[in-house]
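**Student:** Sending over a structure as structure tokens; questions will come in a sec.
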Amino acid sequence: MLRPELMPYPTMEPATFHTSTTASRVPLVSVITATYNRANYLPLTVQSVLAQTHKHFEYFIVDDGSTDATAEVLAPYLADPRVHYMTVPHRGQSVARNVGLHASKGEFVCFLDSDDLWEPDKLERELDTFCDHPEADIVYGEVRFIDSQGRDLHQRNLPWMQRRSGYITEYLLDENFIPFVGSMIRRRCFEKLGGLDETLSQSDDYELWLRFSTRFRFLPHPGVVSSYRVMHDQISTNKDARFRAIHAILTRFLNQHPNIVPNSVKRVTWCRFYVRRGRYRALLGLRMQAGRDYLIAMLHDPLNIRPWRALLRLVILWQ
């Protein structure tokens, strides 16, 4: 794999972050939860943090203008001095995440959405991974998928959830396979390249991973460390908006880093994007739009069999 060019991200100014001043050799981990109207699930999320076997953490819960009972359900947990509750006007999850990031001071940073859960040894296992591999900048474990009732959906080890290590830009261009809920990041990454992109209403984690992949090394570690709750009202379930966001992210990233990967990789990247969007549109019955996406995919990578096969399937079903 080609080592990416080492260059700063030109559209965001790196923020000023605090550095841990603890005298203890036990590293301080900053945990950040951005929440918006998730009072029904938030207590379980908070409990999964407080149950961690690694106890030296600070926990920032940033309420992005909730109108439900978020403040009331959090009240019992605020007696723990590690828990900090912050409220901000409703401006989106990337802004709320950055508020927590700026307030924190740990050597390592983790994000946990307000309807997801951690395994009790999540922090401990990832810190052990950093201890064993000091060259790593971001480590990530596997996730299990659960429904709104917490039932296992048995969707672990999905085909697209490849385990890649090192400088992984080429692979990230194909798919975001790094679970935000299952990752741990060295603070120095944010100090050098900034926080979440506040112009994005979703997929801000994907933009962050792409940006970080230009400078930092990723490392997977085995085993499930978190549970991701799949629900109909999540931001990530709005697939039309998600495709728009990913298109914008890829366009800007490749324009700003023209030499990050070979042109052949760029062609495959766009080909696969349009095939995926075309398949989604075909499922919705939007056949003209789907066919147009497949044709665009062919223009990007004429020798790739995926768009040809998808277009043939679309024609057969159309008859």
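The values are calculated or read from the model by the stated rules, or taken from the named source; none is laboratory data. For clarity, every value in this text was computed on a predicted model and none was experimentally measured. So basically every Cβ, Gly included, is an ideal-geometry build from the backbone, and we count neighbours across all protein chains shown.
**Student:** So if I check each of Tyr36, Tyr41, which one is touching a residue at least 60 places away in the same chain (Cβ under 8 Å), over 16 Å from Ser183 (Cα atoms), more than 19 Å from the chain's Cα centre (by Cα) and assigned by TED's automatic domain parsing to the domain that holds Ser183?
**Tutor:** Tyr41
**Student:** Can you tell me which residue is modelled with the lowest pLDDT among those in the stretch 146-156 that are part of a loop (DSSP other than H, G, I, E, B) and surrounded by 11 or more Cβ atoms within 10 Å (Cβ to Cβ)?
**Tutor:** Within the stretch 146-156, the match that is modelled with the lowest pLDDT is Arg156.
**Student:** When you go through (1) assigned by TED's automatic domain parsing to the domain that holds Phe111; (2) outside any helix (DSSP H, G or I); (3) out of contact with any His (no Cβ under 9 Å at 6 or more places or on another chain) one by one for Leu219, which number turns out not to apply?
**Tutor:** Result: Leu219 passes all but (3).
**Student:** Need at least 2 residues that are of a type in the set (Asp, Glu) per element, so show me which strands (runs of 3 or more DSSP E) inside the stretch 28-94 make the cut, counting only ones lying wholly within it.
**Tutor:** By residue number, 57-64.
**Student:** Right, another one. With respect to Asn263, is the statement that it is within 24 Å of the chain's Cα centre (by Cα), surrounded by fewer than 17 Cβ atoms within 10 Å (Cβ to Cβ) and not aliphatic (A, V, I, L, M) true?
**Tutor:** No, not satisfied.
**Student:** Would you mind finding the one in Gly106, Gly100 that is in a helix (DSSP H, G or I) and touching a strand residue (DSSP E or B) at 6+ places or on another chain (Cβ under 6 Å)?
**Tutor:** Unique residue meeting the criteria: Gly100.
**Student:** Determine if the stretch 208-223 includes at least one residue that is surrounded by fewer than 16 Cβ atoms within 10 Å (Cβ to Cβ) and in contact (Cβ under 8 Å) with a residue 24 or more places away in the chain.
**Tutor:** Looking for residues that are surrounded by fewer than 16 Cβ atoms within 10 Å (Cβ to Cβ) and in contact (Cβ under 8 Å) with a residue 24 or more places away in the chain, one finds at least one in the stretch 208-223, hence yes.
**Student:** Only residues in the stretch 302-319 that are at positive phi count as the first member; pair them with residues that are at pLDDT below 95 and of a type outside the set (Asp, Glu), Cβ under 7 angstrom, at least 6 apart or cross-chain, and list the lot.
**Tutor:** From residues that are at positive phi, there are no pairs.
**Student:** Looking at the stretch 269-305, which of its residues are hydrophobic (A, V, I, L, M, F, W, C) and under 23 Å from the mean Cα position of the chain (by Cα)?
**Tutor:** Trp270, Cys271, Phe273, Val275 - these are the residues of the stretch 269-305 that are hydrophobic (A, V, I, L, M, F, W, C) and under 23 Å from the mean Cα position of the chain (by Cα).
**Student:** Here's another thing I want to ask about it. Please enumerate the residues belonging to the stretch 109-138 that are among the polar types (S, T, N, Q) and part of a loop (DSSP other than H, G, I, E, B).
**Tutor:** The one that is among the polar types (S, T, N, Q) and part of a loop (DSSP other than H, G, I, E, B): Ser114.
**Student:** So in the stretch 22-33, with the set limited to residues that are of a type in the set (A, V, I, L, M) and more than 21 Å from Phe180 (Cα to Cα), which one is modelled with the highest pLDDT?
**Tutor:** Val26
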